[in-house]
Amino acid sequence: MSAPGHAIPPHVARAAVEWLLALQGHGADDATRAAWRNWLTQHPDHARAWSHIEAVNARLRSVASPLAATVARAALTPPRSASRRQAVTALATVFAGGAAVWAAKGHAPLQDWLADAHTAVGEQRQLTLDDGTQVRLNTDTAIDVAFTADERRINLLRGEIFIETGQDPRAARRPFVVATRDATLQPLGTRFAVRQLADAGWIGVTEGAVAIRPQANTSASRVIVAGWQARYTSGAVDAHRTLPNSDIAWKDGMLVATDMPLAEFLSEIDRYRPGRLRCDPAVANLRVSGTFPLANTNRILDALRTALPIRIHYLTRYWTTVLPA
């Protein structure tokens, strides 16, 4: 997997979108294709932008997405029209890296189509990157991967990943980094998990060490070593705490609970099943302990029902509530 190592200039992104629309429109001919090939050779950024747009556009083929529909409509719109100019602006923003912003407004499927790798709710996936790095994606996760001559980068768009960095012989000249919404993380030959929470980020290190650099306050940078975990925001890194093995049991397909409040336990289960799983406040403080396989969350609910004074109410398969027995 690969992606551009630095941002595509906005004017280049716009030009690349214009060429995409021109080549997909009814007026495309040999002269248009020759002019496009000439444009590609004029600057390395042109080829980078086109490669990125082609990769994104390939993901949209055979998918009924709003972005694919926008491309199709714009390609059939007169080149000098106002609606064409508006479409080019919007598409350039998305294709050049604005997809995460769009997706954050509630268009998660778009983020999936544009991401280099993603998992659905309840799915996990293992990847091996070009340098041998192993990346395990937890439920409902999306990442981009950008390997260049100067850097190996994973952008965590949402969700949670566990990374075992590869032995890159050029590591000193090509550092490995993980970029999240709030910070940049640089592992020092290590194994670690990263999770994007609603209001912060979380890291747990099982081997080696990871340097955390908050986006808005690099002076707050800290190093987290093996056996410790920490939450962080764009401005600070919280005090580190011991990392229990249960916090990363998901990578082995398990959820481990030790005297966990039922409401908290169900919140974790909710991450692995579609729809909503709610907990009645009357049973929220019941305690759960045990090891549960994540492959079938309905079986976990059945086990809870036999161990605790609760009942499970299924309004629909996508709306489940845990109530007092």
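Starting from 0.36 nm per residue, how many nanometres of slack lie between residue 278 and residue 42 once their C-alpha separation is accounted for? Write down the numbers at each step before the final one.
Details: separation 236, 0.36 × 236 = 84.96 nm, distance 5.68 nm.
Contour length minus Cα-Cα distance gives 79.3 nm.
Can you check what the net charge comes to around residue 204, using other residues whose Cβ is under 12 Å from the Cβ of residue 204 (Lys, Arg +1; Asp, Glu -1)?
+2
To the nearest 0.05, what FRET efficiency results for residue 184 and residue 35 with a Förster distance of 41 Å applied to their C-beta separation? Before the final figure, lay out the partial values.
Details: r = 40 Å, r/R0 = 0.97.
The calculated FRET efficiency here is 0.55.
Quick check: residue separation of residue 323 and residue 170 times 0.36 nm, minus the Cα distance between them. What number comes out in nm? Could you put the intermediate results ahead of the total?
Working: separation 153, 0.36 × 153 = 55.08 nm, distance 5.60 nm.
My answer for the length gained is 49.5 nm.
If you place +1 on the Cβ of every Lys and Arg and -1 on the Cβ of every Asp and Glu, how big does the dipole about the Cα centre of segment 117-245 come out, in debye to the nearest 20?
Result for segment 117-245 is approximately 220 debye, rounded to the nearest 20.
Please rank 262, 91, 23, fewest neighbouring Cβ atoms within 10 Å first, as an exposure proxy. Don't jump to the answer; show the numbers that get you there.
Working: 262 20, 91 24, 23 13.
Taking fewest neighbouring Cβ atoms as first place, the list is 23, 262, 91.
List the residues of segment 120-152 whose backbone N lies under 17 Å from a point placed 7 Å from the Cα of residue 55 along the Cα-to-Cβ direction.
It comes to 127-133, 135, 142-152, nothing else.
How big, in percent, is the set of alpha carbon pairs in segment 253-324 lying more than 17 Å apart?
So the pairs more than 17 Å apart make up 33 percent of the total in segment 253-324.
Residues with beta-carbon under 13 Å from that of residue 313, excluding residue 313: net charge, scoring Lys, Arg +1 and Asp, Glu -1?
In short, +4.
Would you mind computing, in nm to one decimal, how far apart the modelled labels at residue 239 and residue 197 are, each placed 7 Å from Cα along Cα→Cβ?
1.6
I need the phi-derived Karplus couplings for segment 309-323: 6.51 cos²θ - 1.76 cosθ + 1.60, θ = phi - 60°, integer Hz, Gly and Pro marked x.
x, 9, 9, 10, 10, 9, 5, 9, 5, 9, 9, 10, 10, 9, 10
Could you check the simple spin-label distance between residue 121 and residue 289, using points 7 Å along Cα→Cβ, in nm with one decimal?
According to this spin-label approximation, the distance is 3.2 nm.
Please list, ordered by chain and number, the residues whose modelled amide H lies under 5 Å from the amide H of residue 310; skip anything fewer than 5 residues away on the same chain.
325
Residue 197's amide H: which non-local residues (gap 5+, or another chain) put their own amide H closer than 5 Å, with H modeled 1.01 Å from N in plane and none for Pro or chain starts?
For residue 197, the qualifying residues are 202.
For residue 166, enumerate residues with amide H under 5 Å from its amide H, sequence gap 5+ or separate chain, H modeled in the peptide plane.
Under 5 Å from the amide H of residue 166: 133, 134.
Using θ = phi - 60° and the Karplus relation 6.51 cos²θ - 1.76 cosθ + 1.60, list the HN-Hα couplings for segment 282-296 in order, rounded to whole Hz, with x at every Gly or Pro.
5, 10, 4, 9, 4, 9, 10, 9, x, 10, 10, x, 7, 5, 9
Report the extension gain between residue 308 and residue 296 in nm, rounded to one decimal, defined as 0.36 nm multiplied by the number of residues separating them, less their alpha carbon distance.
On the way: separation 12, 0.36 × 12 = 4.32 nm, distance 1.89 nm.
Extending this stretch completely gives an extra 2.4 nm.
We did not get these values from a lab; they are worked out from the coordinates using the rules stated. Given the structure is predicted, the values throughout are model-derived calculations rather than measurements. Methodologically, a virtual Cβ is constructed for each residue, glycine included, from the backbone with ideal geometry; neighbour enumeration extends over all protein chains shown.
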